[in-house]
């Protein structure tokens, strides 16, 4: 085999519902020195990837895998196998976990090789957050289990964000909040955060974990058992507002954020923006009572904790929490695989429009 045919789902950065597959050929006999060609095998699409697209220019998510003109390569997480290598120490057939485009192949330039993986040293990624540039060798990855690859592709990046957010909130003792409100409560990132908050509650303050979701998702979200209570968006005015609350906003719905801030007034003591599940309703923040909403960027917290704890201790704590979470996740999450171009486009568009069921995790195999 001297050439490899690859395909990429390109997204129009000005109109996210406009997407198309692009085909190209890669000559394996002319790979650059010190490069590795990945065959991307198993990845997932979640609301988290839609946040990458919506914030693609502002937060430089489109910069990881550049495309021409107004098109972009959507970043996703998952697994890939090495199909060609001109890098000593990276062998054909090795399996890696990491950050990939929504495509069948990716060419990278390994640097800082170790038993645990390598960084992509491509010049255009040099100034981007390191957490996205590391490719982990599955054989030496503390979080890896072959039997849970689907859950890892779906939940590991989201769980890592929630692990770091839980740590960030606890660092300030939740600014004294007695409840933590989580919007888009049926989303996988929110469920992960609820798990972490309840898991660590005994060592902290006696706060309540409250999920906010659409009326149609109340039953599912409640049945997860991860929240103390679940409230539909149209009933948030019924929440008791005499105690201080913290708000973890996964939805990005400006109307909801405004309603909550005005309802709790100065008792809104902490307000974090994390995701944009309701990206169509995201707008310019208005002046609101209570704490000023601020973006939470997980890579910043990861860098901080890696420096303070050391990478080994960070991975150990993350791994312990992760394995505890995956032990219960399959009780409320089923997975479905997609492989045809039509099916891949359809599930991307369904996730973009918010019509993907929270009970199903969507896996793509190329």
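The values are calculated or read from the model by the stated rules, or taken from the named source; none is laboratory data. The model shown is predicted, which means the values in this text are computed figures rather than measured ones. Using ideal geometry, Cβ is built from the backbone for each residue, glycine included, and neighbour counts are taken over all protein chains shown.
Miscellaneous remarks
- Residues located in the stretch 200-225, provided they are in contact (Cβ under 8 Å) with a residue 60 or more places away in the chain, touching a strand residue (DSSP E or B) at 6+ places or on another chain (Cβ under 8 Å) and surrounded by fewer than 20 Cβ atoms within 10 Å (Cβ to Cβ): none
- Residue within the stretch 107-122 that is under 14 Å from residue 13 (Cα atoms) and either in contact with a helix residue (DSSP H, G or I) (Cβ under 6 Å, 6 or more places away or on another chain) or not in a strand (DSSP E or B) (or both) present: no
- Selection from the stretch 315-335 of residues that are surrounded by 13 or more Cβ atoms within 10 Å (Cβ to Cβ) and either touching a strand residue (DSSP E or B) at 6+ places or on another chain (Cβ under 6 Å) or not in a helix (DSSP H, G or I) (or both): 330, 332, 333, 335
- Conditions (1) at pLDDT 90 or above; (2) more than 23 Å from residue 162 (Cβ to Cβ); (3) touching a helix residue (DSSP H, G or I) at 6+ places or on another chain (Cβ under 9 Å): number failed by residue 284: (1)
- Enumeration of residues in the stretch 338-366 that are part of a helix (DSSP H, G or I) and within 17 Å of residue 184 (Cβ to Cβ): 350, 351, 352, 353
- Residue within the stretch 23-37 that is crowded, with 19+ Cβ neighbours inside 10 Å, touching a residue at least 12 places away in the same chain (Cβ under 8 Å) and touching a strand residue (DSSP E or B) at 6+ places or on another chain (Cβ under 8 Å) present: yes
- For residue 42, the stated conditions do not hold, so it cannot be described as surrounded by 23 or more Cβ atoms within 10 Å (Cβ to Cβ), at pLDDT 95 or above and touching a helix residue (DSSP H, G or I) at 6+ places or on another chain (Cβ under 9 Å).
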